[in-house]
1. Just want to confirm a number: the relative contact order over the stretch 97-237, from Cα pairs under 8 angstrom separated by 6+ residues, in percent.
2. Output the Cα-based Rg and Dmax of the chain in Å, rounding Rg to one decimal and Dmax to a whole number.
3. For Ser89 and Arg34, calculate 0.36 nm times their separation in residues minus their Cα-Cα distance, and state this gained length in nm to one decimal.
4. Could you list, in their original order, any pairs among Lys203/Lys278; Lys174/Lys392; Lys219/Lys392 whose Cα atoms are separated by more than 27 Å?
5. Using the Cα centre as the reference, give the magnitude of the dipole from point charges on the C-beta atoms of the stretch 157-295 (Lys, Arg: +1; Asp, Glu: -1; all else neutral), rounded to the nearest 20 debye.
6. Of the options Phe38, Gln151, Phe58, report the single residue whose Cα projects farthest towards the positive end of the charge dipole of the stretch 1-151 (beta-carbon charges: Lys, Arg +1; Asp, Glu -1).
7. Report the residues of the stretch 169-185 in range of a label on Glu365: point 7 Å along Cα→C-beta, backbone N strictly under 20 Å from it.
8. Where in the chain are the helices, taken as whole DSSP H runs, whose Cα atoms extend 24 angstrom or more along the long axis and whose Kyte-Doolittle mean reaches at least -0.5?
Amino acid sequence: MELINTNNLPGPIPRTLIADDQPDVVTALRLLLRGAGFQTEGVNSPAAVLEAIKQQDFDLVLMDLNYARDTTSGQEGLELITHIRALDSTLPVVVLTAWGSVELAVEAMHRGVRDFVLKPWDNRDLLKSLRTQIALGRRRRQQRRLKAERQTIHYKLQQELTESQEIQEALLPKDLPQIDGIEIAVAWQPARAVGGDYFDVLKFDDRHSAICIADAAGKGMPAALLMSNVQAVLKSFAAAGVAPNELCAQVNSVLCHNMVPHRFISCFYALLDTQTRKLSYANAGHCPPMLVRRGTCMRMKEGGPVLGIFPDRGYLPGEIELSSGDTLVFFTDGVTEARDAAGDEFGEERLQELLTLGGEFSARELRDVIMAAVGEFSDGPVQDDATLMIVKVIS
């Protein structure tokens, strides 16, 4: 015979486990609940209760407190409540007993009982209590499932971010190549687990090396994915015989064909000839690097627009001749746009002042001084991806 749900509870027909050491009570309760549209199962001992809960799911346990061990203290039932809660902390338990006291009711509630009903019971009140506790129990279980799902999603996202961070760090140079007469130090700080800043030093031969710094618009995973694409394209074109302005044009052409809307990359690419001390470069919309020489500061601006927007634009070449003691500073806007509590930016003037005063510092010392100053100014982590590269001519 098909059981019809007449209990007015949304969802599946509720399953209720009834536990009492008196078979007549179990039978009477099963008839009452069955007539109200419940599915029921009856047992007569605490051990049977626990075994039934292990074998199948229930929406509620309706149980007596007194069984074979004694008939008045309720201790056996209290212990059973504790075991039930250990198996399923969201399963509603309603106690139905002929031996009740305020102390016993308080202790039962303390152990997790949702309602406490004395025998003989009122059918209408009992059914109302059961329906209420089943609805609340289903809500708690749904909340627990949602919480578990959120925790699983959060764990997977954290795992993916950790793996992405490891991959991105592997794409960046771990050890910078040694270039005769040149000292290089780099600081790279993404605002999130991964970032859109990129730097590299490519040594083609004993005479020619390339220095690159780039910044993808945005932060986090989108910027990191974009930057990995830029890195792959740039390295595919980079060579000792390719002029920086030609390389920027080639990279720009490729990126314009696969760039998503409202995204772009600023990039500065330079080619160093250690024999002639000439540094040829092209600036594709990037923060102009600073050349500090005997207390004065020059900016390297020649080039063209950012990469990935204007497919037909060319790039002008720039060139400087380096001298012993020169300091080149490449940076992304996360360095100069770091803000303090009042919203003021660190700014290029502060950066330039540190550079002109730090002429005697090594590349590493100067890098550390600048990043410490930025951190102290902003009083915390950077708000945007920040990369700083110091290149010092030492001979």
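1. Numbers: 103 pairs, mean separation 20.9, N = 141.
Contact order relative to length: 15 percent.
2. That works out to 36.3, 105 Å for Rg and Dmax.
3. On the way: separation 55, 0.36 × 55 = 19.80 nm, distance 2.56 nm.
My answer for the length gained is 17.2 nm.
4. Working: Lys203/Lys278 15 Å; Lys174/Lys392 19 Å; Lys219/Lys392 29 Å.
Distance filter (> 27 Å) returns Lys219/Lys392.
5. On the way: 11 positive and 14 negative charges, 98 e Å.
So the magnitude is around 460 debye.
6. It is Gln151.
7. Inside the label zone: 181-185.
8. Details: long enough: 123-171 (71 Å, -1.31); 220-237 (26 Å, 0.96).
Answer set is 220-237.
The values are calculated or read from the model by the stated rules, or taken from the named source; none is laboratory data. None of the values given here were measured: they were computed from a predicted structure. Quick reminder, even Gly has a Cβ in these numbers, built from the backbone with ideal geometry, and neighbours come from all protein chains shown. The protein model used for the area step is the full one, side chains on, heavy atoms only, and it has no ligands, DNA or RNA in it. Shrake-Rupley method; radii C 1.70, N 1.55, O 1.52, S 1.80 Å.
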